[in-house]
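The values are calculated or read from the model by the stated rules, or taken from the named source; none is laboratory data. Worth saying up front: this structure is predicted, and the values here are computed from it rather than measured. Positions of Cβ are backbone-derived with ideal geometry, glycine not excepted, and every protein chain shown enters the neighbour counts. Keep in mind that these areas ignore ligands, DNA and RNA; they rest on the heavy atoms of the full protein, side chains included. Shrake-Rupley method; radii C 1.70, N 1.55, O 1.52, S 1.80 Å.
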Amino acid sequence: MELPTQTFRVTRADLIRYAGASGDFNPIHWSDRFATGVGLPGVIAHGMFTMALVGRAVTTWAGAPDAVVDYGVRFTRPVVVPDDDSGTEIVVTAVVREVTETGLTRLDITATCQGDKVLSQARATVRTAG
């Protein structure tokens with residue numbers, strides 16, 4: 001069973017807010033000159049910010065944050081965020097892999113940006129409502 005697709009817009013302003021909240025002011029997250037100078041295609045979103053957005057999708061599907069029992073990902077590709085008003089989008093989909101006898105639902109998650117998969121081995125286990 002597929003769960004409803006969720007889409008999250010990411011702008012440079014979001015990266016600034018996340019940097020302030022996390023304390024991660026690495027210039028690859030705000031300076032095109034620096035990011036391209038170290039071989040990146042441009043400014044990229046913080047990996048943990050990307051993971052958090054996908055986690056938000058999981059909590060929405062689960063119905064509550066405390067219903068999430070386990071959640072993990074591996075980072076595959078950076079989320080490049082252009083310096084414009086539109087930014088970019090992360091599209092999150094999931095399929096139910098298994099529902100256990102103990103009331104847990106295991107999800108296989110896919111997160112893409114511009115058609116490229118940005119996470120791999122993205123999985124979550126949530127408590128089934130009821």
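Would you mind giving the three semi-axes, in whole Å and largest first, of the ellipsoid equivalent to the stretch 63-119 according to its Cα gyration tensor? Could the numbers behind the result be given before it?
Numbers: eigenvalues 168, 30, 18 Å².
Values for the stretch 63-119, descending: 29, 12, 10 Å.
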What is the set of long-range amide H partners of Thr128 at a cut-off below 5 Å, with H atoms built 1.01 Å from backbone N? Leu104, Thr105
FRET efficiency, 1/(1 + (r/R0)^6) with R0 30 Å, evaluated for Asp70 and Trp30 via beta carbons: 0.40
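Helix-only mean residue ellipticity at 222 nm, the chain, DSSP H runs n ≥ 4 weighted -39,500 (n - 2.57), per residue, nearest 500. What is it? Each step should come with its number before you reach the end.
On the way: 3 runs with 33 residues, N = 130.
-7500 deg cm²/dmol, from helical runs alone.
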Hey, can you find the accessible area per residue of the chain for me, probe 1.4 Å, expressed in square angstrom? 57 Å²
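What are the semi-axes of the equivalent ellipsoid of the chain, taken as the square roots of 5 times the eigenvalues of the Cα gyration tensor, listed largest first and rounded to whole Å?
Values: eigenvalues 183, 38, 29 Å².
Result for the chain: semi-axes of 30, 14, 12 Å.
Quick one: in the stretch 14-53, what % of C-alpha pairs are over 16 Å apart?
Details: 231 of 780 pairs.
The share of Cα pairs beyond 16 Å in the stretch 14-53 comes to 30 percent.
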Placing each pseudo-label 7 Å from Cα in the direction of the beta carbon, Ser86 and Ala52 end up separated by a distance in nanometres of 2.6 nm
Degrees separating the helix 47-62 axis from the principal Cα axis of the chain, which is the longest one: 30 degrees
